[in-house]
Each structure stands twice: as structure tokens, then as C-alpha cells.
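Student: Got a structure for you, written out below as C-alpha cells; questions coming shortly.
The values are calculated or read from the model by the stated rules, or taken from the named source; none is laboratory data. The shown structure was predicted, so the numbers you read here are calculated from the model rather than taken from an experiment. As a convention, Cβ positions derive from the backbone with ideal geometry for all residues, glycine included, and neighbour counts pool all protein chains shown. These area figures cover heavy atoms from the full protein model, side chains too; ligands, DNA and RNA do not enter into them. Shrake-Rupley method; radii C 1.70, N 1.55, O 1.52, S 1.80 Å.
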Amino acid sequence: GERERSVIFSGKNVPLISFSPIFLSKVSLGKLLTNVSIVLSSFFFLGFIKVVPGTFGTLGGAILYYFIHPLSLLNYFIYTCVLFFVGTICAQKTGEYYKSSDDRRIVIAEVVGFLLTMLWIDFSIRNIIMGFIIFRIYDITKPSHANTIDRYIKNSWGVMLDDVIAALYANATLRLLV
């Protein structure tokens, strides 16, 4: 029979997604959703980088920001909210797969956090770099409200919301500086 294709990241086999009709006919919907969730919650495998995956997730957010910043403010906000809710669902599924609600490979929260950090900030490379640094500081140090969420909400909502709180602090700081 045909073997399942997988790749090893951080010592764990991760199923690869194959869009061949033969493969899809043999895979369950649950397995397909898990695969898609792993890809999205790790932001296209940036979360699998062994050293500072959150920083690489934030870098992924900065790259995404570069491409979506021309959207109207309303569309940018809607896009970010949709990404937040999709990210929460994917983080839940990925957390279940890895048996850890706050697995370090889940970096979609950093992507959303960076996009929120840059909300209402004028586009410039200088502001992107400043936003990146400020968000990472708040994300790592977890100011009081983010720390409370991180400590008491042990599911995908907590994973996403502590980065949203860090992003609100980062956005306010960045707005004061630019």
C-alpha cells in the first residue's frame, strides 16, 4: 500500500498535505483538518524552527503586513479578526495533536499580534522594525493582563489572547513613539 508521507520537525513526525486525489480519498476529514491546522498555526512551518520560533512567527507577521498594509483600515481589521478566529481554531486542533495547548510551534498568535501592533501605524520600514522589537518585548515579558491570561486560560483562546494584549501594549507604545 501507499505509505503516509511525513516529515520530521523538532523530533516529531508531521504529516504532509498532499492534494493528490488518491491521497485525499484515503485520508479522513479529521486528519486533513489537523494537517491544515498544523500548517496554519505554525504559520507555514515557521513555528518548527527550533530557536526562537515566536520571533520567526513575528517575522512571518511582518512579511504578511508588508503585503496587506495597502488594504483599507476596515479590510485590514476584518482580515486580522478573521485570522484571529481561524488561528484560534487551528491552535486548538494543533494543541490537541501535540498534547500541549501552548505548544511552541503555534506561532499564529505572533502573526496576529504583529498585525494588531501595526494597526493605525503609518507604513515605513522604520515603523515595522520598531513594531517588531516592541511587540517581541511585550510578548516575551507578558505585561500584567497578558500574564494573567497566559497563566489562567490554558487553551487556544489563552494562546491567542495573551498576544493580543501584548499587541495592544505594543501598539500604544509605538503610537507614542512615531
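Student: When only residues in the stretch 25-72 that are polar (S, T, N, Q) and under 24 Å from Leu119 (Cα atoms) count, which is most open to solvent (accessible area, probe 1.4 Å)?
Tutor: Residues of the stretch 25-72 polar (S, T, N, Q): 25, 28, 34-35, 37, 41-42, 55, 58, 72.
Going one step further and asking which of them are under 24 Å from Leu119 (Cα atoms), we end up with 41-42, 55, 58, 72.
Details: Ser41: 0, Ser42: 2, Thr55: 42, Thr58: 0, Ser72: 58 Å².
Per the stated criteria, the residue is Ser72.
Student: Considering only residues that are over 12 Å from Phe135 (Cβ atoms) and more than 17 Å from the chain's Cα centre (by Cα), which ones fall in the stretch 154-178?
Tutor: Hits for the stretch 154-178 are Arg175, Leu176, Leu177, Val178.
Student: Let me ask another. Any residue at all in the stretch 80-94 that's touching a residue at least 12 places away in the same chain (Cβ under 8 Å), of a type in the set (Gly, Ala, Ser), open to solvent by less than 70 Å² (accessible area, probe 1.4 Å) and within 21 Å of Leu46 (Cα to Cα)?
Tutor: Among the residues of the stretch 80-94, at least one is touching a residue at least 12 places away in the same chain (Cβ under 8 Å), of a type in the set (Gly, Ala, Ser), open to solvent by less than 70 Å² (accessible area, probe 1.4 Å) and within 21 Å of Leu46 (Cα to Cα), which makes the answer yes.
Student: I want to confirm something. Restricting to the stretch 108-159 and keeping residues that are touching a Gly at 6+ places or on another chain (Cβ under 8 Å) and either of a type in the set (Lys, Arg) or without any contact (Cβ under 8 Å) to a residue 12 or more places away in the chain (or both), which single residue is surrounded by the most Cβ atoms within 10 Å (Cβ to Cβ)?
Tutor: Within the stretch 108-159, the first condition is being touching a Gly at 6+ places or on another chain (Cβ under 8 Å), and the residues that meet it are 108-115, 117-118, 121, 135-136, 139-140, 149-150, 152, 155-156, 159.
When the remaining residues are screened for being either of a type in the set (Lys, Arg) or without any contact (Cβ under 8 Å) to a residue 12 or more places away in the chain (or both), the result is 136, 152.
Numbers: Arg136: 21, Tyr152: 8.
Among those residues, the one meeting the criterion is Arg136.
Student: What pairs can you find where one residue is in the stretch 48-71 and part of a helix (DSSP H, G or I), the other is open to solvent by less than 80 Å² (accessible area, probe 1.4 Å) and modelled with pLDDT under 95, and their Cβ atoms are less than 7 Å apart, with a gap of 6+ or different chains?
Tutor: Taking only residues 6 or more apart or on different chains, the pairs are Phe48/Phe9; Phe48/Ser10.
Student: Next up: Can you tell me which residue among Ile129, Ile134, Ile121, Ile108 is closer than 17 Å to Ile63 by Cα and in contact with a Lys or Arg (Cβ under 8 Å, 6 or more places away or on another chain)?
Tutor: After ruling out the rest, the residue left standing is Ile121.
Student: Among Arg105, Arg175, which is the only one that is open to solvent by 20 Å² or more (accessible area, probe 1.4 Å), touching a Gly at 6+ places or on another chain (Cβ under 8 Å) and touching a residue at least 24 places away in the same chain (Cβ under 8 Å)?
Tutor: Arg105
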